[in-house]
Structures are given as structure tokens and as C-alpha cells.
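The values are calculated or read from the model by the stated rules, or taken from the named source; none is laboratory data. Source: prediction; values computed, not measured. Cβ coordinates were reconstructed from backbone atoms using ideal geometry, including for glycine residues, and neighbour counts include every protein chain displayed.
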Amino acid sequence: MSLSRRDLLKKLFLWATGGTVAGLILGPWFNRIAFKRRLWQIDPDKCTNCGLCENACVKFHSAVRCVHTYAICGYCDLCSGYYRQGTAMLDTAPERQICPTGAIERNFIENPYFEYRINRELCIGCGRCAKNCEAFGNGSLYLQIDQEYCSHCNQCAIAAVCPANAIRPTEASLPYLLKGG
Ligand code: SF4
Ligand code: SF4
Ligand code: SF4
């Protein structure tokens, strides 16, 4: 049975509008599934703070940031993640700090306690503080991909070069792999 031109146009119209409606309904669902698969995160137990996170990320200044788990540590007067080794004075002079951008804020709490807070706007994910914290402290400073800065690439450019195989996909419901969390 052959279709008339009018019937054929009608069928094409129904097919096209049906596809559009299905797209509108199913699109967000597919996006959610895809987004779920595209979240990347650093396993803090595997990361060696090698320094590649700062420049391997496709984002300028990296999507990686240092985070701090205060339950582990974070109130010492002499913080090995904040001060260069062998520093004589415990003040906030830039030359005594490990961080190249001044992203770690040292705030007095009460004698002898100070709180070390990361300024996300200034942190570039270089990992220098985390490396020193791991070597001489308790490892309370460590790196995480900040999901607000991350572009959620299909293949994380850092994961492709990470020597410790520390970056892996994670569930959207678990965007951070926090120590002790
Ligand atoms: S590249 Fe891997 S090991 Fe190096 S700092 Fe980034 S996550 Fe850690
Ligand atoms: S040393 Fe590097 S990783 Fe640590 S806070 Fe400063 S910029 Fe961020
Ligand atoms: S997924 Fe892309 S934007 Fe996010 S950390 Fe990896 S390379 Fe950077």
C-alpha cells in the first residue's frame, strides 16, 4: 500500500514531534546518567602529591584544591603544611610559608592554637602543603578535585598522567573522597 504525500508528511510530523517530546522527557535523565559517570575524584589514600595536578588539568590554575580535615589535625602553632622546614619565627611572613600563592590562612584561636584555612580562590592544587603535611605531620591537608571548578571531562586529563593512579570516577552522590569521612 502506497502512502499519499499528505499521509507521508503527517507521519513525518508525528515522528518528529514524538522524538522532540521524548527528548525533552528523557534528555535530563540521560544527562544525569552521563554526569554521574563523569565525576572524577582523587583518592587521598593513593595520592602522593606529586605536583602534576597543578598543570595537567584542562582548567587554568587547575580544578584541584587542597582541603583540610580538622578532626585529624589543624591547630598546631607550628604547622608543617604551612611553614617551610627549619623556619625560625612562627609568623605569617610570606617567605616562611610553603604555599606559593598565600592560599593558607593562619588564624589565632587561643593560646597556643591556630587554625589553618584554605582559600579556594587562591589555591592552585600544587600539593606542596599536602606533601609536607604528609611527610612531617598527620596528613590532614590533602588534595581533592573541587567539583565547582571541574569541567567534568569525559576523560580527566590528570587521571591520564597520574603516576599513582589516584584519580577515579565517583558517584554524583559522593563527589568528595574525604579522609575520615
Ligand atoms: S597527579 Fe595523582 S599523585 Fe599527583 S598530585 Fe595529582 S592525584 Fe596526586
Ligand atoms: S601549597 Fe598549593 S595546594 Fe597547598 S594551599 Fe597552597 S596552592 Fe593550594
Ligand atoms: S575532569 Fe577535567 S577539569 Fe576536572 S580535574 Fe580532571 S582535567 Fe581538570
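Of the residues making up segment 80-89, those that are surrounded by 11 or more Cβ atoms within 10 Å (Cβ to Cβ) and either modelled with pLDDT under 95 or hydroxyl-bearing (Ser, Thr, Tyr) (or both) are SER80, TYR82, TYR83, THR87.
Residues of segment 53-85 that are in a loop (DSSP other than H, G, I, E, B) and β-branched (Val, Ile, Thr): VAL58, THR69, ILE72. Under 7 Å by Cβ, and 6 or more places apart or on different chains, what pairs join a residue from segment 156-175 that is in a strand (DSSP E or B) with one that is more than 10 Å from ligand 3 (Cβ to nearest atom) and of a type in the set (D, E, K, R)? As it stands, the answer is ARG168/ASP43; PRO169/ARG37, since those pairs meet every condition given. Taking the listed residues ALA166, ALA135, the one that is surrounded by fewer than 22 Cβ atoms within 10 Å (Cβ to Cβ), under 27 Å from CYS79 (Cα atoms) and touching a Cys at 6+ places or on another chain (Cβ under 6 Å) is ALA166, with no other qualifying. In segment 133-181, which residue that is of a type in the set (Asp, Glu) and under 17 Å from THR69 (Cβ atoms) is nearest to ligand 1 (Cβ to nearest atom)? Checking each candidate, the answer is GLU134. All of (1) within 16 Å of TYR83 (Cβ to Cβ); (2) more than 16 Å from ligand 1 (Cβ to nearest atom); (3) modelled with pLDDT of 95 or more hold for GLU121 with one exception: (1).
When each of CYS123, CYS76, CYS53, CYS66 is tested for being within 16 Å of ligand 3 (Cβ to nearest atom) and over 23 Å from ASN165 (Cβ atoms), the lone residue that passes is CYS123. If you check TYR82 against the conditions, is it in contact with a Phe, Trp or Tyr (Cβ under 9 Å, 6 or more places away or on another chain) and within 13 Å of ligand 2 (Cβ to nearest atom)? Answer is yes for this residue. On inspection, TYR116 does not qualify as hydroxyl-bearing (Ser, Thr, Tyr), within 15 Å of ligand 1 (Cβ to nearest atom) and touching a strand residue (DSSP E or B) at 6+ places or on another chain (Cβ under 7 Å). Whether any residue in segment 104-125 is over 15 Å from ASP77 (Cβ atoms), under 17 Å from the mean Cα position of the chain (by Cα) and buried (at least 22 other Cβ atoms within 10 Å of the Cβ) is what I want to check. Yes, because at least one residue in segment 104-125 is over 15 Å from ASP77 (Cβ atoms), under 17 Å from the mean Cα position of the chain (by Cα) and buried (at least 22 other Cβ atoms within 10 Å of the Cβ). Whether any residue in segment 126-146 is without any contact (Cβ under 8 Å) to a residue 12 or more places away in the chain, outside any helix (DSSP H, G or I) and of a type outside the set (Gly, Ala, Ser) is what I want to check. No, segment 126-146 contains no residue that is without any contact (Cβ under 8 Å) to a residue 12 or more places away in the chain, outside any helix (DSSP H, G or I) and of a type outside the set (Gly, Ala, Ser). Of all residues in segment 138-147, one or more are more than 15 Å from ligand 2 (Cβ to nearest atom) and modelled with pLDDT under 95.
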